[in-house]
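The values are calculated or read from the model by the stated rules, or taken from the named source; none is laboratory data. Here the structure is a predicted model, which is why all the values come from computation and not from measurement. Reconstructed Cβ throughout: ideal geometry from the backbone, glycine too, with neighbour counts over all protein chains shown.
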Amino acid sequence: MEIIIAEKAGYCFGIENAMKMVRDTIESGQEKIYTLGPISHNTQETRRLADQGVVIIEDGDVENLETGCIILRSHGVGKEIIDTINQKGLPIINATCPFVRAVQKKVESYDAAGYQIVIVGNKDHPEVVGANGWCRDKALIINDINQLENIESYDRICIVAQTTIIESRFNEICGAIKSRVNEVVIFNTICSATAERQAAAAKTAKEVEYMIENWYYRRGINTGLDR
């Protein structure tokens, strides 16, 4: 039996970069290292890091910390969380993926300019939760074209994408919003690695009799293959 592994399999740049930051922090001798959420969705890897003293915490746990170094997950966090950490004077290692950080900056900038922010993505995904935190949690989060009720009540809208969303869904939702709102600014912030993985998975599926997807692939984490 021949086993074919799809091209582009493995960690994307953002996760690779975040993992390196964790390793560098461990090697620096820093005591009490925390990550806001798992730095990777690879259970074996998070267990290995736990064996080296890295502790996974949730956003709400930040209030209770008095010492230690906090590594921000590659999916990013909201501005309020960063402000809280800074107020406590705790060191921050910002492992936010550059693509995700670009989304956050656009959200913050256009929210300040008076636009209603729309994030096309899964409202429960940590990246979307974090991006929403850069516009005071006021974004409209849309993952389905049927969720566009009352969108006409906004004059100016800025649309960004969860970096792992399926591009066809993003385009469909953007097209529907453009037909209903006076002014729409659209940023296709889908990560190039996501598109590459989607294409590689589709290509491989045509070449094999059976296709096995990772549990996280099926949920759109890092790949965009959410269904």
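Tabulated results
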quantity: Every residue from the range 122-179 that is at positive phi and not acidic (Asp, Glu); calculated: 136, 150
quantity: Any chance residue 108 is free of Cβ contacts under 8 Å to residues at least 12 places away in the same chain and out of contact with any Pro (no Cβ under 7 Å at 6 or more places or on another chain); calculated: no
quantity: Residue count for the range 73-101, restricted to those that are of a type outside the set (Ser, Thr, Tyr), out of contact with any Asp or Glu (no Cβ under 6 Å at 6 or more places or on another chain) and assigned to a helix (DSSP H, G or I); calculated: 11
quantity: Test: residue in the range 15-29 that is assigned to a loop (DSSP other than H, G, I, E, B) and farther than 19 Å from residue 130 by Cβ; calculated: yes
quantity: Residue match in the range 34-51 (condition: touching a residue at least 12 places away in the same chain (Cβ under 8 Å) and among the basic types (Lys, Arg)); calculated: no
quantity: Search result, residues across the range 166-182 that are exposed (fewer than 14 other Cβ atoms within 10 Å of the Cβ) and small (Gly, Ala, Ser); calculated: 168, 175, 179
quantity: Residue 104 being assigned to a helix (DSSP H, G or I) and either within 17 Å of residue 189 (Cβ to Cβ) or not assigned by TED's automatic domain parsing to the domain that holds residue 33 (or both); calculated: yes
quantity: Boolean, residue 157 is in a strand (DSSP E or B), in contact with an Asp or Glu (Cβ under 8 Å, 6 or more places away or on another chain) and either of a type outside the set (Ser, Thr, Tyr) or more than 30 Å from residue 67 (Cβ to Cβ) (or both); calculated: yes
quantity: Answer from 176, 131 - the residue that is assigned to a helix (DSSP H, G or I), among the aliphatic types (A, V, I, L, M) and closer than 30 Å to residue 25 by Cα; calculated: 131
